[in-house]
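To keep things clear, I will list the structure first and then write my remarks on it.
Here, each number is a calculation from the coordinates, and none is a lab measurement. Owing to the predicted nature of the structure, the values given are computational and were not obtained by experimental measurement. All Cβ positions, even for glycine, are placed from backbone atoms using ideal geometry, and neighbour counts span all protein chains on display.
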Amino acid sequence: MIHSRLKDAFVISTLLLTTTLTPVLVKAETAEEKGLAIAVEADKRDSGFTDFTSSMVMELRNKQGDVSTRTIRLKTLEVKGDGDKSMSIFDEPADVKGTAFLTYSHALIPDEQWLYLPALKRVKRINSKNKSGPFMGSEFAYEDLASQEVAKYTYKYIRDEKLNDVDCFVVERYPAYEHSGYTRQLAWVNKDRYVAEKIEFYDRKNDLLKTLINSDYKQYLEQYWRPSEMLMENHQTGKSTLLRWENYVFKTGLSDDDFSRNSLQRAR
Amino acid sequence: MKQYLQSSSFAAVVIALTIMTAAFKTVQADQFSGYVGVQTRNFFQDPISPEQHNNYLSAVAEPEYFHAWDDATQNLEIKLFYRKDQYDDQRTHGDIRELAWTGVYDSWEVRAGISKVFWGVAETQHLVDIVNQTDLVENIDGEDKLGQPMLRASTEHDWGTLNFFILPGFRERTFPGAEGRPRTDVIIDTDRDAIYDSSSGKEHVDLAARYSHYIGEWEFGLSVFSGTGRDPTDFVPVAVSASGETVVVPVYSLINQLGFDGQAFFGDWTWKLEAASIEVRSGNKKGINSFKSVVGFEYTLVGLAETNMDLGFVVEYHYSDQRITTTVFDNDLATALRFVFNDAQSSEILAGIFTDADTQTIGSFIEASRRLGESWTLEAQVRTFHGTKEDRPLFSYRFDDFAQIDLNYHF
């Protein structure tokens, strides 16, 4: 579920990759073709990472400025030709310590997701079709943190624009997923790195709901860009959530056995 | 004075745990966690027995230690439990919930020691979940379990997950003492020896296995158990208490149990089924076959009325042919609403009723919980019983409507 590729606004299934190797600079392409091509390029640049582990601190802020903190560790395994496998383990708050999620994500069919409740020693399969709800009371919805398979959206290139002196493509994407909480998302994609600097989320009534700012990108293994901070602001409630990412380690040698339901129970 | 002693011993537990926390936190790769808390139980009506009370106070501690090594392929888990109750000497109890070593060898996982496992999918009753005995004095909902000595081997493959269990050391169910509440009209005395009606008695080594798998939106498990049944098959009167109440001891028999649990996801619907077939292999009820099942669904409205709140509808129907013992869940419908607020405090409310189709007996429950700040949780529950008939199990609880509040500090 929580997935570090969420920083890359666009990720693509290998399936689409083989059929849409349209170069970005080909003339007379439509806005839709150009939008998709940007997504394809972003995915291509982020593929081949094999696996990684990381941790994050999640700070929830309400309108009054009260802060509530969660700390979560994550493991992700790249799966060729399908969505990734991921596991997230809660360290704080203390009452949910050891609680963990295991997700097998897919492009076109619903993800499989299990929740481990350590007090009951219960592994519970979750009905994961509807992902529009908030993750752990934060301003991030489950779908914001899920594996962003390219087939989950259609795309449209809007314009070029400078954002904080960075040249960006502005691309709109429309969820193909019928249970999505959004009509559209507007993303500012860094032209040099092919990562999202900013995303605006529009709700089912097409009103601006949230803005995500990704900042302080760092490059790993001379290829993979990851933001150190992600700030999601909800314009309708005045609440915000800040994710601070730490301890990225790529190619740690994780395998399928590390993403089993047995391993979920001993994850902490 | 008695109350003073209890609160000072509670304070001593808190201080000891605080020191232990500080000591353990200095050791790398070790995790020390758990909670301490206080609980109040207030009954709305006077009790049946003069020995019982209207208001109960208790304190609880559940410290936990976890250590993983060898690239996390081996770990040690220890979880201790202790509750001190103001009046009920049976509810004042301790248990080793976990004291187990786990080792991982390729696709196999081996676990040895005292531990707990959960089987099943239903929310309002756990039919196939037989490995661990119920710690009934904790709560009448049966959600709390005693630690079970076990040797477990588990392997997970593309074709499913297999678990094998060897279970030495039978655990007797806990029951409230004479002063405890809610409790049955008769006093179930666990200080006396229980009756084991098989020749191997309490020493029988039980065996169990479970196969589980999922195919897309379908998930299922098949389980077998052979050994001393966790549910008493009978109660035998042995004495009369000072206040004139009958004192009984539980009878445990050898059984074979075959269990099935499955669930399927269709849109926002989750359909669930648990069924168990039980054969008694010893004692007076030897040869009896019994069947029980629970079938139901959970439907969730995500983002109720454009808020962040989810509303779940839980409906489960319970059936038992009652050939072994009379049970509460013989022909009952459980309906409940689950409000999940999805807020920073993880607020949740589960409220519902059990209705008996034959006797119109109604049991109601409300369970609410939220986090306070970063380290505290507050839980409140109310349980009531209406229209209980004299020959039915819930009749004992006819004056036992109560509210319970739990305040816990987690570390």
Measuring from its Cα centre, the protein assembly as shown shows a charge dipole (+1 at each Lys and Arg Cβ, -1 at each Asp and Glu Cβ) which, in debye to the nearest 20, is 640
Taking only the alpha carbons of chain B, the radius of gyration and the largest Cα-Cα distance, Dmax, both in angstrom, are 22.0, 63
The base-10 log of I(q)/I(0) that the Debye equation returns for chain A at q = 0.07, 0.12, 0.16 Å⁻¹, one scatterer per C-alpha, is -0.23, -0.70, -1.31
Rounded to whole angstrom, the alpha-carbon centroid of segment B:201-255 lies from that of segment B:371-391 at a distance of 26
Each label sits 7 Å from Cα toward the beta-carbon; between B:Glu306 and B:Asp193 the label points are separated, in nm, by 7.1
Nearest 10, in degrees from 0 to 90: the angle of helix A:31-46 to the longest Cα principal axis of chain A is 50
Cα-based Rg/(2.2 N^0.38 Å) for segment A:157-220, rounded to two decimals, is 1.18
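Given axes a ≥ b ≥ c from the Cα gyration tensor, I'd like to know whether segment B:180-273 is rounded (a/c under 1.5), prolate (a/b larger than b/c) or oblate.
oblate
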By the C-alpha gyration tensor axes a ≥ b ≥ c (rounded if a/c is under 1.5, else prolate when a/b exceeds b/c, else oblate), the shape of segment B:341-405 is prolate
Distance in nm between B:Ser200 and A:Arg45 label points, each 7 Å along Cα→Cβ, equals 6.6
Between B:Thr326 and B:Trp269, the FRET efficiency computed from the C-beta separation at R0 = 35 Å comes out, to the nearest 0.05, as 0.60
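Express the relative contact order of chain B as a whole percentage, based on alpha carbon pairs under 8 Å and six or more residues apart in sequence.
12
Can you tally the net charge around B:Met309? Count Lys and Arg as +1, Asp and Glu as -1, for every other residue whose Cβ sits under 14 Å from the Cβ of B:Met309.
That works out to -2.
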Given pairs A:Lys75/A:Lys129; A:Lys63/A:Lys129; A:Lys85/B:Lys116; A:Lys97/A:Lys131 and cut-off 25 Å on Cα-Cα distance, the over-length ones are A:Lys63/A:Lys129; A:Lys85/B:Lys116
The ratio Rg/Rh over the Cα atoms of segment A:57-153, Rh being the Kirkwood inverse mean 1/r radius, stands at 0.99
Note to self: C-alpha centroids of segment B:312-350 and segment A:29-73 sit apart, in Å, by 38
By the Cα gyration tensor axes a ≥ b ≥ c (a/c under 1.5 gives rounded; else a/b larger than b/c gives prolate, otherwise oblate), the shape of segment B:118-200 is oblate
Treating only Lys and Arg (+1) and Asp and Glu (-1) as charged, each at its beta carbon, one finds that chain B has a dipole about its Cα centre, in Debye to the nearest 20, of 780
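Where Lys and Arg each count +1 and Asp and Glu each count -1, what net charge lies around B:Arg210 among other residues with Cβ under 11 Å from its Cβ? List each step's numbers first, then the result.
Details: positive: B:Arg152; negative: B:Asp129, B:Asp261.
Around B:Arg210, the surrounding residues sum to -1.
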When the charge dipole of the protein assembly as shown is computed with +1 on Lys and Arg Cβ and -1 on Asp and Glu Cβ about the Cα centre, the Cα farthest towards its positive end, among B:Asn342, B:Phe66, A:Leu163, belongs to A:Leu163
dims of the protein assembly as shown, Cα set, principal axes, largest to smallest, nearest Å -> 95, 52, 51
Simple spin-label estimate for B:Asn55/B:Leu207, 7 Å along Cα→Cβ, in nm, reads 5.5
In terms of the charge dipole of segment A:147-268, which places +1 on Lys and Arg and -1 on Asp and Glu at the beta carbon, the residue among A:Tyr248, A:Ser260, A:Val195 farthest towards the positive end is A:Ser260
For B:Asp234, other-chain or 5+-apart residues with amide H closer than 5 Å (H placed, Pro excluded) are B:Val251
Cα gyration tensor of segment B:76-153 diagonalised, 5x eigenvalues square-rooted, in angstrom largest first, produces semi-axes 26, 18, 8
In whole Å, largest first, the alpha carbons of segment B:48-206 cover along the principal axes 60, 37, 30
Hull surface over four for the Cα convex hull of segment B:229-319, reported in nm², is 10.2
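At a Förster distance of 30 Å, what's the computed FRET efficiency of B:Leu151 paired with A:Leu117, Cβ-Cβ distance as r, to 0.05?
On the way: r = 24 Å, r/R0 = 0.80.
Efficiency for this residue pair is about 0.80.
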One finds, for B:Phe118 and A:Glu32 with R0 = 45 angstrom and r their Cβ-Cβ distance, a FRET efficiency to the nearest 0.05 of 0.40
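May I ask what percent, to the nearest 5, of DSSP beta bridges between residues of chain A are antiparallel?
100
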Scaled by the rule-of-thumb 2.2 N^0.38 Å, the alpha carbon Rg for segment A:154-268 gives a ratio of 1.29
For B:Val38, the net charge from surrounding residues (Cβ-Cβ under 15 Å; K, R +1; D, E -1) works out to -1
